[in-house]
Amino acid sequence: MRNKNSYLWPTIIAMALSLGIFVGGKLHFNDSPEKLFTTNSKKDKLNRLIDYIDYEYVDEINTDSIVDVTVNNILEKLDPHSVYIPKKEMDRVSENMKGDFVGIGVNFYMYRDTISVIRTIENGPSFLKGLQPGDRILMADNDTLYGENIPNDVVIQKLKGEKGSPVKLKVFRKDDQKTFTVNVKRDVVPIKSVEAYYMLTKDMGYIKVNRFAESTYKEFKAALRKLEAQGAKKLTLDLRDNPGGYLGIAEQMADEFLGDGKLILFTKNKKGKIDKVFATKKGSFEDKPVYVLINERSASASEIIAGSLQDNDLGTIIGRRSFGKGLVQREMDLGDGSAVRLTVSRYYTPTGRSIQKSYDKGNKDYYQKFMERYHSGELISVDSIKVADSLKFKTPKGKVVYGGGGIIPDVFVPIGSNESEAVESMESLGFLSYFVFEHLDGNRAQYKGYTKEEFISNFRVDDILFEIFVDYCLERSIKMDFYAFEDKLKLYIKATLAEQLFDPNSYAKIKSAGDDMLKKVLELDSPAIRQQEAEKIEARN
């Protein structure tokens, strides 16, 4: 199950997202564990200090917390992406990157101190037992799950368990005003990284990938096969806001587009050892038109995909300059259930570009420079992106590409106005989702007559619902010119309704009508426009 937080509102959106950026590597150390971990004076000094505090210090001290602080302080001196994962966070991090967990299979809110089902996972344990959106889960076996001040992690742990283990749920169904019990067997529940896929046009598929987890390539391949069966001969791959993940998964996905023998990337470690990764002949979408969407929060593995295609003169990269993370981490166990993700190499795109931003002045400056993009004008105009001539590279066909601080797209799409981005924030940070949940909670019956197709084609958010939304915002001290963005807000409300009533694909299909980058894809896909854009790119180079 995943709990969507209720009242989320943007503070420093980009910072929050950028702090989550990491990449997994498949590299191996050459030294043996014995050689790496032999005793030396530096380690002895730290060990002795901790022992002195444990045994001699006048007050009782939690030395575990001191060690955590020490580890974090050490890593902060290295680079922004070497990070410590405490023991208490390892399960959550591991599940996210594995792509599944064992549970009962519901999305829920803690709504007015009670677990309220947003949607059951299709074919998951709760779905198969007939749980419905709007149901309240009151108890799991003999444990009460409602009431004030019940920690969220405690609730989740009560619903998780071993695969196949039973749990008796006490459920209140608001629509019928009835309470009942149901026995559910916990099972593996996927955490989807391919969050949407559908046909954008009669011959172009669309796939949205939100991270690169262990399961991502299989999910991507399954989606691609389905789209090809529906006639897809072109693809739009949406990597916006994708912070990265496993290096090997990005390599597999790039291989789907690149012909046999094409260089995908190479890595270099501290000893200067270079490892090159080449495409194979197994890709099913080689040399077909591909549009890759990126923005300022697309990082690491997302940049590997974009960079490998751009440097091999394949596809069109659309959007805004990506984050700029060219470091590879390896996760290493610290022996007590915690782990460290340590940077072990840099990666380079096929032309030899490193797209890693400088972190010479420390982590604070590193993320501040990222925030400065919002004030420098580069998100509004491609001409505001400043890159040194020394960072220019050329592709085999002579196209100029740039290193140092992200992938600059072939076709630039500016960010919206501040108010337009505020609308995006309402949607991306969950405010709209919570409004829609509350609306459905009191009005679910009026939507029961719609099939998914009918809803997508025919449903319109009327002025009454829009005014209810405006009042909802004003009551929460959110002020903006709602009527200037009425069409966009109505579209997003409809999309969010579709997500909670049906599935994420319905949400993505509806939202695409107001998506400037997808509009640019459709514009570029016109043969005449394609030729004009190619001439523009050639002229710039």
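The values are calculated or read from the model by the stated rules, or taken from the named source; none is laboratory data. Everything quoted here is computed from the prediction, not taken from an experiment. For neighbour counting, all protein chains shown are included, and Cβ atoms are generated from backbone atoms with ideal geometry for every residue, glycine included.
Taking region 366-384 as the range and being surrounded by 13 or more Cβ atoms within 10 Å (Cβ to Cβ) and acidic (Asp, Glu) as the test, only GLU378 passes. Against the definition (surrounded by 12 or more Cβ atoms within 10 Å (Cβ to Cβ), modelled with pLDDT of 80 or more and part of a loop (DSSP other than H, G, I, E, B)), how does PRO10 come out, yes or no? So PRO10 does not fit the description; no. Using the structure shown, decide if ASP383 is touching a residue at least 24 places away in the same chain (Cβ under 8 Å), more than 16 Å from TYR507 (Cα to Cα) and part of a helix (DSSP H, G or I). Taking the combined requirement at face value, the residue does not satisfy it.
Can you tell me which residue among THR179, THR201 is among the β-branched types (Val, Ile, Thr), under 26 Å from SER116 (Cβ atoms) and loosely packed, with under 15 Cβ neighbours inside 10 Å?
Matching residue, one of THR179, THR201: THR179.
Taken over region 318-337, the criterion of being surrounded by 22 or more Cβ atoms within 10 Å (Cβ to Cβ), farther than 18 Å from GLY352 by Cβ and not basic (Lys, Arg) is satisfied by ILE318, GLY319, PHE323, GLN329. Would you say GLU303 is crowded, with 23+ Cβ neighbours inside 10 Å, out of contact with any strand residue (DSSP E or B) (no Cβ under 6 Å at 6 or more places or on another chain) and at pLDDT below 95? So GLU303 fails the test. Picking from residues in region 222-242 that are in a helix (DSSP H, G or I) and among the hydrophobic types (A, V, I, L, M, F, W, C), the one that is surrounded by the fewest Cβ atoms within 10 Å (Cβ to Cβ) is ALA229.
When the strands (runs of 3 or more DSSP E) confined to region 243-354 are screened for residues that are without any contact (Cβ under 8 Å) to a residue 40 or more places away in the chain, those reaching at least 3 such residues are found at 274-278.
For (1) assigned to a helix (DSSP H, G or I); (2) free of Cβ contacts under 8 Å to residues at least 40 places away in the same chain, each residue gets a yes or a no:
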| position | (1), (2) |
| --- | --- |
| GLN368 | yes, yes |
| ARG373 | yes, no |
| LEU379 | no, no |
| VAL387 | no, yes |
| LYS397 | no, no |
| VAL401 | no, no |
| GLY405 | no, no |
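Screening the candidates SER345, SER376, SER354 for the property of being more than 23 Å from TYR246 (Cβ to Cβ) and hydroxyl-bearing (Ser, Thr, Tyr) yields one hit, SER376.
Of the set (1) of a type in the set (Asp, Glu); (2) closer than 30 Å to VAL69 by Cβ; (3) modelled with pLDDT of 95 or more, all apply to ASP360 but (3). For LYS43, the criteria (1) modelled with pLDDT under 85; (2) touching a helix residue (DSSP H, G or I) at 6+ places or on another chain (Cβ under 9 Å); (3) surrounded by 11 or more Cβ atoms within 10 Å (Cβ to Cβ) hold in every case but one, which is (2).
For (1) hydroxyl-bearing (Ser, Thr, Tyr); (2) not assigned by TED's automatic domain parsing to the domain that holds ILE478, each residue gets a yes or a no:
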residue: VAL340; (1), (2): no, yes
residue: ARG346; (1), (2): no, yes
residue: SER354; (1), (2): yes, yes
residue: LYS364; (1), (2): no, yes
residue: VAL382; (1), (2): no, yes
residue: ILE407; (1), (2): no, yes
residue: MET426; (1), (2): no, no
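Among the conditions (1) surrounded by fewer than 20 Cβ atoms within 10 Å (Cβ to Cβ); (2) under 25 Å from LEU524 (Cα atoms), VAL292 misses just one, which is (1). For region 385-404, name all the residues that are surrounded by fewer than 12 Cβ atoms within 10 Å (Cβ to Cβ) and either under 30 Å from SER420 (Cα atoms) or modelled with pLDDT under 85 (or both). The answer is LYS386, ALA388, ASP389, SER390. Taking interchain pairs and intrachain pairs at least six residues apart, which have beta carbon atoms under 7 angstrom, with the first residue in region 178-191 and touching a residue at least 60 places away in the same chain (Cβ under 8 Å) and over 23 Å from ARG211 (Cβ atoms) and the second of a type in the set (Val, Ile, Thr) and not in a strand (DSSP E or B)? Every condition considered, the pairs that remain are VAL184/ILE104; ARG186/ILE104.
Restricting to region 475-498, and then to whatever is touching a residue at least 12 places away in the same chain (Cβ under 8 Å) and small (Gly, Ala, Ser), can you tell me which residue is farthest from ALA196 (Cα to Cα)? Among residues in region 475-498 that are touching a residue at least 12 places away in the same chain (Cβ under 8 Å) and small (Gly, Ala, Ser), the one farthest from ALA196 (Cα to Cα) is ALA484.
From the residues in region 99-144 that are among the aliphatic types (A, V, I, L, M) and within 27 Å of the chain's Cα centre (by Cα), which one is farthest from ARG186 (Cα to Cα)? Before you say what the answer is, go through the steps one by one.
Taking region 99-144 first, the residues among the aliphatic types (A, V, I, L, M) are 102, 104, 106, 110, 115, 117-118, 121, 128, 131, 137-140.
Filter once more, keeping what is within 27 Å of the chain's Cα centre (by Cα): 102, 104, 106, 110, 115, 117-118, 121.
Details: VAL102: 6, ILE104: 5, VAL106: 11, MET110: 20, ILE115: 17, VAL117: 16, ILE118: 18, ILE121: 13 Å.
So the residue we want is MET110.
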